[in-house]
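Here it is, the structure, as structure tokens.
What follows is calculated from the coordinates using simple rules that are stated; it is not laboratory data. In this text, all values refer to a predicted model and were calculated from it rather than measured experimentally. Glycine gets a Cβ as well: all are built from the backbone with ideal geometry, and neighbour counts include every protein chain shown.
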Amino acid sequence: MIVPDIDNINHVGMAVRDLRDTTSRYERLGFQLTPFSPHSGAWKPGEAVQKLNSGNRCVMFATNYLEILASEDPAAPAPRIENFLKHHQGGCIICFNSEAVQAADQRLVASGIKTSGVIPLQRDIDTPEGVRTAKFERMQFAPDDSPEGYIQVARHLTPQYIYQPRYIVHANGCNRLNDTFVVTDDLAHFVEKYARYVGAAAQWNGDDCAIFGFALGTRLLIGTSRRMAKMLPGTLFPPVPGIVAVSFNTPDLAAQRQRLVQARVPFNEAEGRIVVPAEEASGIAVVFDNRS
């Protein structure tokens, strides 16, 4: 059973080189994206919030989202974005949701896991009433033991600015980010590590894939390269270990299949899922499924 301090995958983040190109690709998949929103934050507890020279456009749903990150000014790239892109373009963040980030931090520290401590983050958001500042608190898990990406937990302090009804409706009918897929060739270590992160045991799907389920319906799937190749056929993987794919709950798969055909977007199918390869979606495979 998931402990109360983590209840969802709040968002998955991906770093991209060309935000305009990526926006066009996701619009062809049938998603609406939010306007660009610049980031500000602190790197350590107690430090002042400052501009980070990065920002995002997001694919929003009622309780979670996909974050597409890029430098605010390509001529003066943000160091964090550049560091992500040295590894690869694509998935770089898994952010769990918590209404008790301090408690999650204390739990991890008590179990011997190093954390960043709880630090502030904020970004300006366009709202119908004008620009407002959305604020968060976040904590990174095991900064020295997360080669797959920036793994963190966050709490939205101003959720009304993030989850605006006008942005959560998509032409493809998708209504939730469902699953996040991580590939690793050290499965035992990764399953043990994430069990400590989220405070719960995984359910095994064979001996090469483990699934962590969360109270609000999202799942984290961790599998070997061989298993992920079966689940996500025809897609290039990031350097292993890595965040390889995200899936979206799609009530009408037939309509989405037709949309992709008309848009001339290549895709494959496996296990009842439609899989758009990572090379067609700026470095992360996009999966359409229906678990609702």
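May I have the convex hull volume per residue, in Å³, for the Cα set of segment 85-228?
Expressed per residue, the convex hull around the Cα atoms of segment 85-228 is 149 Å³.
Taking the Cα centre of the chain as origin, sum charge times position over the Cβ atoms of Lys and Arg (+1) and Asp and Glu (-1), and report the length of that vector in debye to the nearest 20.
340
Using the Kirkwood formula over every pair of different C-alpha atoms, what hydrodynamic radius in Å results for segment 177-289?
Roughly 14.5 Å, rounded to one decimal.
Enumerate the amide H contacts of Phe141 below 5 Å, restricted to partners 5 or more residues apart or on another chain; note that Pro and chain-start residues carry no placed amide H.
Sorted by chain and number, the residues that satisfy this are Ile151, Gln152, Val153.
Give me a comma-separated list of calculated 3J(HN,Hα) values for segment 275-292, in order, Karplus coefficients 6.51, -1.76, 1.60 applied at θ = phi - 60°, integers in Hz, x for any Gly or Pro.
After applying 6.51 cos²θ - 1.76 cosθ + 1.60, I find 10, 8, x, 4, 5, 9, 9, 6, x, 9, 5, 10, 10, 10, 9, 9, 9, 6 Hz.
From the helices alone, meaning DSSP H stretches of at least four residues, give me the mean residue ellipticity at 222 nm for the chain, per-run term -39500 (n - 2.57), in deg cm²/dmol to the nearest 500.
Calculated from helices alone, the mean residue ellipticity at 222 nm is -6000 deg cm²/dmol.
Sequence neighbours fewer than 8 away in the same chain don't count; with that in mind, list the aspartates and glutamates whose C-alpha is under 13 Å from Lys230.
Asp208, Glu269, Glu271
Sticking with this structure for a sec: Kindly state, to the nearest 0.05, the FRET efficiency for Asp208 paired with Gln32, given R0 = 45 Å and r defined as their beta-carbon distance.
Calculated transfer efficiency: 0.80.
Using a basic spin-label model with each label point 7 Å from the Cα along Cα→Cβ, how many nm lie between Asp186 and Lys86?
It is 2.0 nm.
Straight-line reach from Lys135: which aspartates and glutamates have a Cα under 12 Å away, not including same-chain ones fewer than 8 places off?
Asp124
Magnitude of the Cβ-charge dipole of segment 198-292, K/R +1 and D/E -1, about the Cα centre, nearest 20 debye?
80
From the C-alpha gyration tensor of segment 8-167, pull out the three semi-axes of the equivalent ellipsoid (sqrt of 5λ each), sorted largest to smallest, in whole Å.
Computed over segment 8-167, the values are 24, 19, 15 Å.
Mind putting a number on the dipole of segment 8-167 about its Cα centre? Charges go on the C-beta only, +1 for Lys and Arg and -1 for Asp and Glu, and I need it in Debye to the nearest 20.
100
Which of the peptides 262-274, 178-190, 133-145, 8-20 is most tightly packed, and how do the rest follow, going by the mean number of other Cβ atoms within 10 Å of each residue?
8-20, 178-190, 133-145, 262-274
Radius of gyration and Dmax for segment 158-243's Cα atoms, expressed in Å?
Rg and Dmax of segment 158-243, Cα atoms, are 15.4, 43 Å.
Still on this structure: Which whole number of Å³ per residue matches the convex hull of the alpha-carbon atoms in the chain?
Value for the chain: 122 Å³ per residue.
So what are the ³J(HN,Hα) numbers for segment 208-220, from phi and the Karplus equation (6.51, -1.76, 1.60; θ = phi - 60°), rounded to whole Hz, Gly and Pro as x?
Here the 3J(HN,Hα) series is 10, 8, 10, 10, 9, x, 10, 4, 8, x, 7, 9, 10 Hz.
What are the residues whose amide H is under 5 Å from the amide H of Ala171, where those residues sit 5 or more places off or on another chain and H is modelled from the backbone?
Gln32
Now a separate question. Taking θ as phi - 60°, what are the ³J(HN,Hα) couplings along segment 251-259 by the Karplus curve (6.51, -1.76, 1.60), each to the nearest whole Hz, with x for Gly and Pro?
Residue by residue, segment 251-259 yields x, 10, 5, 4, 5, 5, 4, 5, 4 Hz.
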